[in-house]
Structure formats: structure tokens, C-alpha cells
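Enquirer: Here it is, the structure in full.
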Amino acid sequence: MESSRDPEDPLTALNVADDARRRLTAGLRLPTGFYPMLATGIAVQVGAAAYGIAAQTVTGVAVALAGVAVFLGVAALLLHRFSRINGVRVDGLASQVVLAAGAGASVVYLGALAVGIVAAFDSRWWLVAVAAVAAGVGCALGARHWWHAYRHDPAAHERGASPRVLGVLAVVACLGCAALLVLG
Amino acid sequence: MTGLDPLIHAPTRLQLVTTLSGVSEAEFATLRTALEVSDSVLSKHVSALVDAGYLHSRKGVHAGRRTTWVGLTPVGRRALHEHVAAVRRLIDAVE
């Protein structure tokens, strides 16, 4: 049945407000090449971490740090481009990109990292590469799953770690790697 | 039982806070386009809701020009949920 769209009618007011939110969120677009770039950044980080941890040398830690730097650079670029294209910031997306916040993506990432590290200790570099690619693809698929859920219900999926929290976590991660460098 | 919130009962303000509930922050012009209102109307409502603690705003840059970014505070988010719940209760009672 068609609503009268009387703005004073409470139900109409709620529907009009929902329409305004839908108008904004339905128009949001991910930057071109978002998923491949995310997958590549994560794959580089996992591969570098596996090599660096297995190498247990200063060079290895430097490689691992470089992998983190590449990943953080890609993540920052993707989030900046998203904000620039759409004129909005969505913390839930930032958490998906930087923290692989979905349960499935986290499991895939940690599993692939563990496999990559073990493979690197055994010098099975083909398996390190497979694990790195699996981590990248898994996290990209996790981000894609979240994006579809967000588009379906933005209010329920919008929240995540703020840029300040993500910045602090990035600094802590870098300091951890630096500590490894010093202690190693 | 919490009732209707007079600060966000007006249709434009309800649209403003509902729209912001779908993002963490929105740039002023993006919000103006989504709400289909003028700069002055949006600015007036944003100022009132910032004063009430429902919204936060900050100066920033978007596409190379200075602009204002606006977001919902936890207080504003809670107020929106309670207001929507109160409206739905009202509708249910009438029906």
C-alpha cells in the first residue's frame, strides 16, 4: 500500500530518514582495484614476515619490517582513496582492511602466516608463496563479504576501530618488530 | 520508558542523524547532497546537534579543499535508537 508521505506522520518520517541513509550508502564505491591491491599488500606482508622470522637475522627482521610498511602503505592508500571518492569515512571498512577483522579472514590470515613460517623454516619457498597468496585472497574475500553485509545494513556494520586506534596499533606493531631487531 | 526526543524529532534532523548512523564521518557537501537540503539549513541543524552533544564536527580536507567532517557521537547514536524505538512503540499503539 502506498504511504501518503506526510512528513508529520511518524512512520513516513522514519522511512524518509532511512531513504536518505540508503541514498548515501548505496552510492558508495570502492576504489578501482581495491581487492587485488589489498590481496597483494597482505600477500607481501605475510611472505616477508615468514621469511624474516625464519631467517632470524637483522636482514630478515628488516625484510619483515619492510613487508609491514608495504602493507600499511597499501592500506592507507586504499582508505584515503575511498574517503576521497565518497566523501565519507567508514571505520568498519578500515578494520577490515588493516585488521582483517572478520572471523573467517582472521583465521585464514593466521593459518596462512603459520604455514608460511613453518614452510620458510624448511626453505620450501613455493609453499611460502602459496601461503602468502592464500592469506591475501582470504582477507580480500573477507573484506568483500563485509562490504556486501555493510551495503545490506550499513548501521549494523559501520563501526570499527577508529583511525587513531589503527595508528596506535601500527606503531605498536612496528615497535614490536624493532624490539625483535634489537633483541635478536 | 524513554519517549520521543525533541532534538531529533524534526524530519530533517531525523534524516541527518539516521544518515550519519550508516557511516563514521561524512563530509559536509556529501551530507548536503544525501539530505537534499541547502548549506544554511544543514549548517543550522549540525550546529544545534553538535551543541547538544549528538554530533561531532571537525575541519578537514576533502579533494584538496578545506571542509567540515561530521559524525554521530555515542550519545547521538543512543538517542537515535531510543527515538526510533519510541516512534515504533507509538505506531504499534495506534495500530
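What follows is calculated from the coordinates using simple rules that are stated; it is not laboratory data. All figures in this text were calculated on a predicted structure; none of them were measured in a lab. Methodologically, a virtual Cβ is constructed for each residue, glycine included, from the backbone with ideal geometry; neighbour enumeration extends over all protein chains shown.
Enquirer: Given the C-alpha atoms of the protein assembly as shown, compute the convex hull and give its volume per residue in Å³. Please report the intermediate quantities before stating the final value.
Expert: Values: hull volume 43.8 nm³, N = 279.
Cα-based convex hull of the protein assembly as shown, divided per residue, equals 157 Å³.
Enquirer: Oh, and also: I'd like the Karplus ³J(HN,Hα) series for the stretch A:154-163: coefficients 6.51, -1.76, 1.60, θ = phi - 60°, whole numbers in Hz, and an x wherever there's a Gly or Pro.
Expert: x, 5, 7, 10, 5, 6, x, 5, 6, x
Enquirer: So how long is each side of the stretch A:32-183 along the principal axes, counting just the alpha-carbon atoms, biggest first, in Å?
Expert: 45, 28, 24
Enquirer: Considering every residue in B:9-16, what mean count of other chain Cβ atoms within 10 Å of its Cβ is obtained? Don't skip to the answer; put the middle values down first.
Expert: Values: counts 2, 2, 9, 5, 1, 8, 9, 2.
Partner-chain Cβ atoms within 10 Å, mean over residues of B:9-16: 5.
Enquirer: If the viscosity is 0.692 mPa s and the temperature 37 °C, what translational diffusion coefficient in µm²/s does Stokes-Einstein give for the stretch B:6-94 when Rh comes from Kirkwood over Cα pairs?
Expert: Value of D from the Cα-based Kirkwood radius: 244 µm²/s.
Enquirer: Let me ask something else about it. Given Cα pairs under 8 Å that are at least 6 residues apart, what percent is the relative contact order of chain A?
Expert: Here the relative contact order equals 28 percent.
Enquirer: Okay, moving on. In which sequence would B:LEU49, A:LEU113 go, from the one with the fewest C-beta neighbours within 10 Å to the one with the most? All intermediate terms of the calculation are to be shown ahead of the outcome.
Expert: Numbers: B:LEU49 24, A:LEU113 21.
Fewest-to-most ranking of B:LEU49, A:LEU113: A:LEU113, B:LEU49.
Enquirer: Spelling out what I want: for every residue of the stretch A:28-43, take phi, set θ = phi - 60°, compute 6.51 cos²θ - 1.76 cosθ + 1.60 (Karplus), and round to whole Hz; glycine and proline get x.
Expert: Result, rounded to whole Hz: 6, 10, 7, x, 4, x, 4, 5, x, 5, 4, 4, 5, x, 5, 4.
Enquirer: Just checking the output field for A:18-29: average partner chain Cβ neighbours within 10 Å of each residue's Cβ?
Expert: Neighbouring Cβ atoms belonging to other protein chains average 6 per residue here.
Enquirer: Calculate for chain A the 222 nm mean residue ellipticity that helices alone would give, adding -39,500 (n - 2.57) per DSSP H run of length 4 or more and normalising by residue count, nearest 500 deg cm²/dmol.
Expert: -27500 deg cm²/dmol
Enquirer: May I pose another question? What is the set of long-range amide H partners of B:LEU4 at a cut-off below 5 Å, with H atoms built 1.01 Å from backbone N?
Expert: none
Enquirer: Per residue of A:9-16, count partner chain C-beta atoms within 10 Å of its C-beta, then hand back the mean as an integer.
Expert: Average per residue, whole number: 5.
Enquirer: Another question, then. Can you give the net charge of the other residues whose Cβ lies under 11 Å from the Cβ of B:TYR54, counting K and R as +1 and D and E as -1? Numbers along the way, then the final one.
Expert: Working: positive: B:ARG13, B:ARG77, B:ARG78; negative: B:ASP5, B:ASP51.
That sum, taken over residues with Cβ under 11 Å, equals +1.
Enquirer: Go through B:39-45, B:25-31, A:80-86, B:87-93 and give me the packing order, highest mean Cβ count within 10 Å leading. Working shown, then result.
Expert: On the way: B:39-45: 14.3, B:25-31: 22.3, A:80-86: 17.0, B:87-93: 12.6.
My ranking of the peptides, most packed first, is B:25-31, A:80-86, B:39-45, B:87-93.
Enquirer: In whole Å, what are the Cα extents of the stretch A:27-106 along the three principal axes, biggest one first?
Expert: Principal extents (largest minus smallest coordinate, Cα): 48, 25, 18 Å.
Enquirer: Using only the alpha-carbon atoms, how far is helix A:58-86 inclined from the longest principal axis of chain A? Give it as 0 to 90 degrees, nearest 10.
Expert: With both axes taken from Cα atoms, the answer is about 10 degrees.
Enquirer: Another question, if that's okay. Show me, for the stretch B:19-35, the HN-Hα J-couplings you get by feeding each phi into the Karplus relation (A = 6.51, B = -1.76, C = 1.60, θ = phi - 60°), rounded to Hz, glycine and proline as x.
Expert: Those phi angles translate into 4, 5, 5, x, 9, 7, 8, 10, 6, 3, 5, 5, 5, 4, 5, 5, 8 Hz.
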